[in-house]
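Note sheet for the following structure.
Bear in mind that the values in this text are calculations on the coordinates, not laboratory data. Quick caveat, the model's predicted, so the values are computed rather than measured. Here Cβ is always computed from backbone atoms with ideal geometry, including for glycine, and neighbour counts include all displayed protein chains.
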Amino acid sequence: MQTLLFGFGAIVAGVGGIVVLYWVLNKVVEQLPAKWEERLKPYVFIGPPLLLLGVFLLWPAVRTVYLSFFDARAANFVALDNYVRMFTTPRYVESLVNSLIWILIVPALSVALGLFVAVLSDRLKATAEKLVKSIIFMPMAIALVAAGTTFLFIYAWAPPGADQYGMLNAIWTGLGGEPQRWLSIDAARINTILLTLVLVWMQAGFAMVLLSAAIKNVPEDTLEAARVDGATEVQIFFRVVVPQIATTIMVLLTTITIFVLKTFDVVWVTTGGRFGTEFLPVTFFRELVVVRDQGMAATVIVVILVATIPIMVYNVKQYRKQEAMA
Amino acid sequence: MSATTATDVGQDEALEGGKPERVPRSKGRILINALLLALCLFWLVPVIGLLISSFRPRDDVLSTGWWTVFANPLEFTQRVTIENYVEVLEAGMGPAIINSFVIAVPSTVIPILAAAFAAYAFSWMRFPGREVLFIVVIMLLVVPLQVAFVPLLRMFVGMGIQGTFLSIWLAHATFGMPLAVYLLRNYIGSLPREVIESAKVDGASHFQVFWRLILPLSVPALAAFVIFQFLWTWNDFLVATIFLRPRPLTVELVQLVSAFGAEWHLLMAGAFVTMVVPLIVFFTMQRFFVRGMTAGSVKG
């Protein structure tokens, strides 16, 4: 009850505070000579959000890069030691390799499935299309840890001879196999691959929604023209539709890659990174919370950050292109 | 997001006008329907399994697969129990529901107004640094939030607010800000210039234009962001486990999993408790949710 009141108070204080803040700042600026008012007002409008971003994101990010050159307690300068450890210790190398598997599987598979559903459901009746899309989209609303728990049950194991209540083992034994502890099998990275499927399950709907909107934006006359020229539906899809939705596909691949690189919840709640399933975001969490090595945690996240730089550059370029067109 | 409204119209047209020609002959259609049906089942099965298991007694869950209930539906209905839910709620998930709300609601409401002001300035005011600052926002859009964690922890400890709700509101407000500014700028920037200009001719200040014109017109975009941010903060485990002492549902669930490894009847009930609110939000607000997403990225 107390927390509830507290939360309510926070909403009132937060919203009220911001309204008052803007009102006061605005009043102050309005007292200035007109010339100064015009000059300063934009900064009043963008000030509070930029202040938050600067103080709680940008500045800490810079500090993090700096801390990655320090030891566990952030006390002694160790130059590149953390980075050397990162790229030579088997445990971290394994984490890097697993990260590669994650960013190879999840974005591509999510986009492929999303495209598949978007294209095929487009041919259904309106109500059926809506239903299909809602179903595929639904996992997006679920917490990652809840999805992880759900799949933990699907991959569950019971001793041979007992009834397999885990679905994968039920199917597997039904086909004549021995029940397996799936998430402990790191041969061929089977456990990591099984875990990536959880994220695909969640992200395919996201891809589907964006792709579906993009496909519906493809001008009908370009399709007509191709049909008149005698192109088959498949040819039309690959030669006419896909080029026109290429930007959306790129946006999706990049957005999902970024998402994968910061999402540790599924692995954390299922294996905790054991059995060779650790990948970069899990390593970061473990270093920060379990090992309590701040320097190493900073190093891991800097490595992730560096991996996102090409995407950052691409996004800025896209934005520039859009602005030039507008 | 005028692009999105156009999309919506386009959708209806595609449904009624362009469709019949594109529907292939019946054989192909049966194949398509079968494929989609299979995929939908595949997508639903995890949640159905979870839901059924959460209502079965422990012994049943551990002795037979949840799908066997379809073979003996009568037996299942006789043995249905809410005991699992009672147990997880008493084990800590009850108060955690309140904590989840106390995290998610302010973390959603607080950043939105500030983001709207900034989006307005980025769209309709000219000032030195506008371009550069917006590019910084776009770059921050993809920065993994963890990059701020180590210094932020020290900062919050130094400020004496580490572990409190205040620290998590600040963290969520900040991490959600780039997306909020970006989404809202796309929308507010696409409002018709004449509307804003005519208001200015009538002598309205930027502040008045913002309150009387921009905010009411932006309701769809604001709603989209509210849904995003609410789901994100409700479902978040990472930020909560690091910056907050009281436990929200997600953190409770992870505790439950590590405490009761194979007590599936409890884990499934616990997982479902965390999902109820997001699923309600999702199914009632799906339309806004979809619009918000398409507004962000389908632009030209």
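Values as computed for the structure displayed
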read-out	value
Sequence-distant lysines (8 or more away, or on other chains) whose Cα lies within less than 28 Å of B:K27	A:K125, A:K130, A:K133, A:K216, B:K19
Dimensionless Rg over Rh [chain B; C-alpha; Kirkwood]	1.06
Relative contact order for chain A, counting Cα pairs under 8 Å that sit 6 or more residues apart, in percent	24 percent
Length added when fully stretched, A:V65-A:W36, from 0.36 nm per residue minus Cα-Cα	6.6 nm
Average other protein chain Cβ within 10 Å of Cβ, residues A:8-21	4
Farthest toward positive dipole pole in region A:81-325 [+1 Lys/Arg, -1 Asp/Glu at C-beta], among A:I105, A:I309, A:I193	A:I309
Gain in span if fully extended, A:I171 to A:R91, counting 0.36 nm per residue against the direct Cα distance	25.5 nm
The protein assembly as shown - charge dipole about Cα centre, Lys and Arg +1 at Cβ, Asp and Glu -1, debye rounded to 20	1040 debye
Protection proxy ranking of A:175-182, B:249-256, A:23-30 - average other beta-carbon atoms within 10 Å, highest first	B:249-256, A:23-30, A:175-182
Modelled FRET efficiency - R0 41 Å, A:T222 with B:V86, Cβ distances, 0.05 increments	0.10
Contact order normalised by residue count of region B:83-297, Cα under 8 Å, 6+ apart, percent	36 percent
Cα-based helix-to-principal-axis angle, B:264-297 vs chain B, degrees rounded to 10	30 degrees
Gyration tensor verdict on region B:98-235 (Cα atoms; rounded if a/c is under 1.5, prolate if a/b is larger than b/c, oblate otherwise)	prolate
Inter-chain Cβ neighbour average for residues A:187-196, partner chain, 10 Å	0
Structure-based [θ]222 nm, chain A - -39500 (n - 2.57) summed over DSSP H runs of at least 4, per residue, nearest 500	-23500 deg cm²/dmol
Inter-label distance, nm, simple model (7 Å from Cα along the C-beta direction), A:V78/B:R212	6.2 nm
For region B:36-146: rounded, prolate or oblate by the Cα gyration tensor [a/c cutoff 1.5]	prolate
Sites B:F260 and A:K125, calculated FRET efficiency, Cβ-Cβ separation with R0 45 Å, nearest 0.05	0.50
Charge dipole of the protein assembly as shown about the Cα centre (unit charges at C-beta), most positive-ward option of B:M139, A:I249, A:G14	B:M139
Reach of A:K262 by Cα under 25 Å, taken over lysines that are not fewer than 8 positions away in the same chain	A:K317
Most fluctuating residue given options A:T257, A:T277, A:T247, as computed from a GNM of chain A linking Cα atoms under 10 Å	A:T247
Per-residue mean of C-beta atoms belonging to partner chains within 10 Å, peptide B:45-53	4
Selected from A:A128, A:I46, B:H172, residue furthest toward positive end of dipole (the protein assembly as shown; charges at beta carbon)	A:I46
